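Encoded as structure tokens, the structure appears first; notes follow it.
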Amino acid sequence: DTERRQRLGALYVDRAWCGRCIGQALLAKALGWRDPARPLLLEVATYNRGAIRFYERNGFVRLPGGEMHGAIPVLWMEHRAAPA
């Protein structure tokens with residue numbers, strides 16, 4: 001099923017601009033470009049609790065397991081495909 005997944009590579013907002021809905025607008029744009037029939041996958045640093053909460057509020061769920069991305073521990077999150 002991994003070949004069906006789409007991947008969001010990176011979404012960053014400078015700390016000075018946090019809380020101004022810029023991240024929400026960027027994610028909305030990314031979700032608008034995706035194929036809703038396919039799940040969307042992203043990785044987030046396990047220590048970035050704010051980002052994890054942000055993605056969870058926007059429909060992403062944590063996937064089991066985790067891994068290291070270089071020296072950074074990450075977890076995978078997925079925005080499920082829309083029901084057919």
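The values are calculated or read from the model by the stated rules, or taken from the named source; none is laboratory data. Computed from a predicted structure; not experimentally measured. Note that each Cβ is placed from the backbone with ideal geometry, even for glycine, and that neighbours are counted across all protein chains shown. Surface accessibility is based on the protein's heavy atoms, side chains included, excluding ligands, DNA and RNA. Shrake-Rupley method; radii C 1.70, N 1.55, O 1.52, S 1.80 Å.
With protein chains left intact and a 1.4 Å probe, residues in region 1-61 average 70 Å² of accessible area per residue. Ordering 24-30, 6-12, 39-45 by mean Cβ neighbour count within 10 Å, with the highest value first, yields 39-45, 24-30, 6-12. If a/c stays under 1.5 just call it rounded; otherwise compare a/b with b/c (prolate if a/b is bigger, oblate if not). Do that for region 13-54, with a ≥ b ≥ c from the square roots of the Cα gyration tensor eigenvalues. Note, shape of region 13-54 comes out oblate. Rounded to the nearest whole Hz, the Karplus-based 3J(HN,Hα) values (6.51 cos²θ - 1.76 cosθ + 1.60, θ = phi - 60°) of region 54-59 follow the sequence 4, 5, 4, 4, 9, x, with x at glycine and proline. Would you please classify the overall shape of the chain from the alpha carbon gyration tensor, given that a ≥ b ≥ c denote the square roots of the eigenvalues, rounded means a/c under 1.5, and beyond that prolate means a/b larger than b/c while oblate covers the rest? In terms of gyration-tensor shape, oblate.
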